[in-house]
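Input: a single structure, listed below in structure tokens.
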Amino acid sequence: MQGFYYVESQGQTYECRLRGILKKTDRKDNCIVGDIVEFSEDCSITKVFERKNIIHRPLVANIDYIVIQFSAMDPRLDYERINILILNSYYHRIKPVIIINKIDLVEESEIEEIKNNLDYLKALDIDLFFVSTAENIGIEEVKSYIQGHVTAFGGPSGVGKSSILNLLQEGTTLKVGETSRKLKRGKHTTRATTLLPLKEEGFVIDTPGFSSVDLPEISNVQELIDLFPEFDLDEPCKFSNCIHVNEPGCAVKNAVEGGSISKERYEFFLRCYEKLKIERWNKL
Ligand SMILES: Nc1nc2c(ncn2[C@@H]2O[C@H](COP(=O)(O)OP(=O)(O)OP(=O)(O)O)[C@@H](O)[C@H]2O)c(=O)[nH]1
Ligand SMILES: [Zn+2]
């Protein structure tokens, strides 16, 4: 990226340039939206700190939460897709949060049913919100949850992502990044910014790339297992190289039998395993 970078530090925005040594001309991700940087008195960015995560559509670094949004109705909840998006969040090392919108369209009993079906989220420490953007239910809770953070929104088409972003965000698109508390450290954006400021502190990002039904680029079974944190048990499997599929004495399968690991999640794991094996790993 050529030209200026707008770095925010202690409530001030600085127009900076990237120090030559940081410019690798063949790359467009030398310094991107959401980066935490160090800059000199003459407004030259001297260092880009290591990113905790990055997404590519749009290109943004250091996202705190990915909201996986669905609706209770119109379109109906797609449980398989929730699991796929959770997998994608873990793959990108971004903390997922689930929002179910349009609860004005369903009975209380249906909300209870959804809660039951998503009970496994507790074991994953994933928070779940029920909202209605049409009737302004649950929006305040979401606001305070994401305040002061950078939150990306993903999910299928028509679930009300634009509707919730309109309620949460300031309305205008600012050309500045997140305020940093430390002097001469700041997050920045370029001119074509994608961080939308919240009414309070923090930013939201619309992430069209985060609605995919594709599995992430998982290259082997161990990588897949690592994306199921609830499989990380104190008790080991009989075989140290157990992949929790057909082996005897498998602690994960025992936990599924015993009910401490959700059967739905385990079956989702098996479907991923079969699919990746056939479509990708066997072709390597
Ligand atoms: N009944 C009801 N309808 C809603 C609610 N939120 C959004 N809608 C409607 O759902 C439709 C889709 O809303 P959008 O906000 O455009 O959804 P989106 O997720 O941004 O959709 P894409 O732009 O296709 O990704 C619109 O007709 C909204 O009016 C809600 O809480 N209740
Ligand atoms: Zn096992």
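The values are calculated or read from the model by the stated rules, or taken from the named source; none is laboratory data. Quick caveat, the model's predicted, so the values are computed rather than measured. A quick note on method: Cβ atoms are made from the backbone with ideal geometry, for glycine too, and the neighbour counts reach across all protein chains shown. Accessible surface is based on the protein model in full, side chains and every heavy atom, while ligands, DNA and RNA are left aside. Shrake-Rupley method; radii C 1.70, N 1.55, O 1.52, S 1.80 Å.
Points to keep in mind about this one:
- Taking every residue in the stretch 77-97 that is in the same structural domain as Leu124 (by TED's automatic domain parsing) and under 16 Å from His56 (Cβ atoms) and pairing it with any residue that is among the basic types (Lys, Arg) and in a loop (DSSP other than H, G, I, E, B), at least 6 positions away or on another chain, the pairs with Cβ-Cβ distances below 9 Å are Arg93/Lys52; Ile94/Lys52.
- Options Ile36, Ile63, Ile100: the member that is under 21 Å from the mean Cα position of the chain (by Cα) and closer than 30 Å to Lys263 by Cα: Ile100
- In the condition set (1) open to solvent by less than 40 Å² (accessible area, probe 1.4 Å); (2) away from ligand 2 (no atom under 12 Å from the Cβ); (3) modelled with pLDDT of 95 or more, Gly202 is compliant with all but (3).
- Flag if Lys184 is surrounded by fewer than 20 Cβ atoms within 10 Å (Cβ to Cβ) and at pLDDT below 95: yes
- Within the stretch 63-85, the residues that satisfy the criterion of being within 13 Å of ligand 1 (Cβ to nearest atom) and of a type in the set (Val, Ile, Thr) are Val67, Ile68.
- Residue identified as outside the structural domain of Val142 (by TED's automatic domain parsing), open to solvent by 30 Å² or more (accessible area, probe 1.4 Å) and part of a loop (DSSP other than H, G, I, E, B) among Asp29, Asp74: Asp29
- Among the residues of the stretch 199-210, those that are assigned to a loop (DSSP other than H, G, I, E, B) and in contact (Cβ under 8 Å) with a residue 60 or more places away in the chain comprise Thr207, Pro208, Gly209, Phe210.
- If you check Glu108, Glu41 for being over 24 Å from Phe153 (Cα atoms), surrounded by fewer than 17 Cβ atoms within 10 Å (Cβ to Cβ) and within 16 Å of ligand 1 (Cβ to nearest atom), only one passes: Glu108.
- Filtered residues of the stretch 122-163 (kept if open to solvent by less than 40 Å² (accessible area, probe 1.4 Å), of a type outside the set (Val, Ile, Thr) and within 10 Å of ligand 1 (Cβ to nearest atom)): Ser132, Gly138, Phe153, Gly154, Gly155, Pro156, Gly160, Lys161
- Counting only strands (runs of 3 or more DSSP E) that sit wholly inside the stretch 93-170, those with at least 1 residues that are among the charged types (D, E, K, R) are 95-101.
- Helices (runs of 4 or more DSSP H) wholly inside the stretch 215-284 containing at least 1 residues that are over 28 Å from the mean Cα position of the chain (by Cα) and surrounded by 11 or more Cβ atoms within 10 Å (Cβ to Cβ): 251-258
- Annotation note: of Ile225, Ile278, the sole residue that is within 11 Å of ligand 2 (Cβ to nearest atom) and either more than 24 Å from Arg51 (Cα to Cα) or among the β-branched types (Val, Ile, Thr) (or both) is Ile225.
- Residue in the stretch 36-70 that is nearest to Lys143 (Cα to Cα), counting only those that are charged (D, E, K, R) and in a strand (DSSP E or B): Glu38
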